[in-house]
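> Below is a structure I'd like to ask you about.
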Amino acid sequence: MAGRWIEEWDPEDETFWQTKGERIARRNLAFSVLSEHIGFSIWSLWSVMVLFMGPEYGVDPAGKFFLIATATVVGAVIRVPYTFAVARFGGRNWTVFSALLLLLPTGAAYAVMEPGTSYATFLAVAALTGVGGGNFASSMTNINAFFPLRKKGWALGLNAGGGNIGVPVIQLIALLIIGTAGAAHPRLVLGIYMPLVVVAALCAALWMDNLAPVKNDTGAAKDAAKEGHTWIMAFLYIGTFGSFIGYSFAFGLVLQTQFGRTPLQAASLTFIGPLLGSLIRPLGGALADRFGGARITLWNFAGMAAATGVVIAASVQESLGVFLVGFIALFVLSGLGNGSTYKMIPGIFQNKALSLGMTGETAAAYGRRLSGASMGLIGAVGALGGLAINLAFRQSFQTAGTGTAAFVAFLAFYAVCSALTWAVYLRRPAVVPARTAETATEPEPAYARV
């Protein structure tokens, strides 16, 4: 694909940004959000398909959790090559291709979604939907290159939040279909999404751009993999995004299995948490821009631990109302944390560049180089948290018939994330940039400001 290529791009230059850079970046952001939105919907397809699978399908709750987990793990792993595809083929070109690729899992699901299909076939089709999860990595890497550091928290938060909202949208569509046509018509969901995939690809082809200065740097990938902060942030992202995607995929099935909700009752509740978590993600990025990503992330994990305690109590007491309050709070906080943790990534590497004596564009280029390379790894590892959540639910329901044991494990994990955030990024400034005349009046910089 020849595509439209921009040969020079310097968003840190204020004059360039004001005259033309911002307009181009915002246009690409808008259509990146659209494509990523559809990608998330297809990735989370089986979170709604399982609601249509009644007893006649012959799949028990453990089998349904494993279908969801399969889609999750493929979407996580495929994020790594998707990260490097942007520089290899161009952000616009890859967005078009990756959007059209979503027709494969959608069409396959349309063909097999009926009683009598073997479980192995369902498993293979669920695996195909993982390509939708890869769209996040390429989209975030692409948008990261378009915006200056001071705008990255807002831009990445909006891009990811707009994508994340694809989860509740497909759940709302499923609710509409179950409520009107009934649970025997899952193909209607797929029939709606196939033309939307084509629309997303067409919009990307018409209105997005490729950035020629963005090049794959295998050395950057190796440096990012060797950098301890890449893996620390990946661990924290398991706690935020892993929670969001894992809970989004499992929520409806948990309501059916633990609280005996019908498909319609489950679908009428499932979308609320993912919707709120998606809408608040840009706010997490904006708060991180203002107060520092580490501070927001720390308080966020503390809130997630408290909300998990509420869910555990509700699960033991079998109180659906309290359970919903706690679970929806988890969604909101996971969305907020998604924004704050992703804002930290470019800031960490920018601060490291300053600590090494780099200044100006040299420091900015170093930060872009390593943050862009690390985002694919962090996104992939973080998404694996969704796999862990669904496997934990599967095991908990198999052994005890409830999800209580799984939530206890999640509570312990959030406590570890809180301690790690404080120890590495707040207890002391691990990297302190040199003071300059411009920053002499500012508070002493630390990772709390990343």
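> Among the listed pairs K215/K352; K64/K215; K64/K152; K226/K343; K20/K222, which are separated by more than 32 Å between their Cα atoms?
K64/K215; K64/K152; K20/K222
> In addition: Give me, ordered by chain and number, the residues 5 or more places off I6 or on other chains with an amide H under 5 Å from its own placed amide H.
The answer is N210, L211, A212.
> Enter the accessible area per residue of the chain (Å², integer; probe 1.4 Å; all protein chains in place).
Heavy-atom accessible area per residue stands at 36 Å².
> Further question on the same structure: Starting from the Cα of M194, step 7 Å toward the Cβ, then list every residue of region 94-116 with an amide N under 16 Å from that point.
Within reach of a label on M194, which here means backbone N under 16 Å from a point 7 Å along Cα→Cβ, region 94-116 contributes 100-114.
> Largest first and in whole Å, what are the equivalent-ellipsoid semi-axes of the chain based on the Cα gyration tensor, each being the root of 5 times an eigenvalue?
They are 36, 26, 16 Å, listed largest first.
> Any idea what angle helix 243-259 forms with the longest principal axis of the chain, computed on alpha-carbon atoms, 0 to 90 degrees, nearest 10?
20
> At 10 °C and a viscosity of 1.306 mPa s, what translational diffusion coefficient does Stokes-Einstein give for region 98-249, taking Rh as the Kirkwood radius over Cα pairs? Give it in µm²/s as a whole number.
87
> If I compute solvent accessible area with a 1.4 Å probe over the protein chains, what percent of it on region 204-324 is carbon and sulfur?
Roughly 66 percent, rounded to a whole number.
> P(r) for region 305-436: what percent of alpha-carbon pairs falls in each 10 Å bin, starting at zero?
11, 31, 27, 17, 10, 3, 0
> Rounded, prolate or oblate: which one fits region 252-339, using the alpha carbon gyration tensor with axes a ≥ b ≥ c (rounded when a/c is under 1.5, else prolate when a/b beats b/c, else oblate)?
Oblate, since a/c reaches 1.5 and b/c is not below a/b.
> Cα gyration tensor of region 179-233, axes a ≥ b ≥ c as square roots of the eigenvalues: rounded (a/c below 1.5), prolate (a/b > b/c) or oblate?
Taking the square roots of the gyration eigenvalues as a ≥ b ≥ c, region 179-233 is oblate.
> In degrees from 0 to 90, rounded to the nearest 10, what is the angle of the helix 61-77 Cα long axis to the longest principal axis of the chain?
Relative to the chain, helix 61-77 is tipped by roughly 20 degrees.
> Compute the acute angle (0 to 90°) between the alpha-carbon long axis of helix 320-355 and the principal axis of greatest extent of the alpha-carbon atoms of the chain; round to the nearest 10°.
For helix 320-355, the angle is close to 20 degrees.
> Using a cut-off of 11 Å between beta-carbons, work out the net charge of the residues near N93 (Lys and Arg +1, Asp and Glu -1, N93 not included).
After counting each charged neighbour, the total is +2.
> Assuming a ≥ b ≥ c are the square roots of the Cα gyration tensor eigenvalues, decide whether region 61-137 counts as rounded (a/c under 1.5), prolate (otherwise, with a/b larger than b/c) or oblate.
The shape class here is oblate.
> Using 0.36 nm per residue of separation minus the Cα-Cα distance, give me the extension gain between L202 and T399 in nm, one decimal.
The L202-T399 span can extend by a further 66.1 nm.
> Which loop GluC sites (Glu not before Pro) in region 1-64, with loop taken from DSSP, have no more than 10 other Cβ atoms within 10 angstrom of their Cβ?
E7, E8
The values are calculated or read from the model by the stated rules, or taken from the named source; none is laboratory data. Note that this is a predicted model, so its numbers are computed, not measured. For neighbour counting, all protein chains shown are included, and Cβ atoms are generated from backbone atoms with ideal geometry for every residue, glycine included. Side chains included, ligands, DNA and RNA excluded: accessible areas come from the protein's heavy atoms. Shrake-Rupley method; radii C 1.70, N 1.55, O 1.52, S 1.80 Å.
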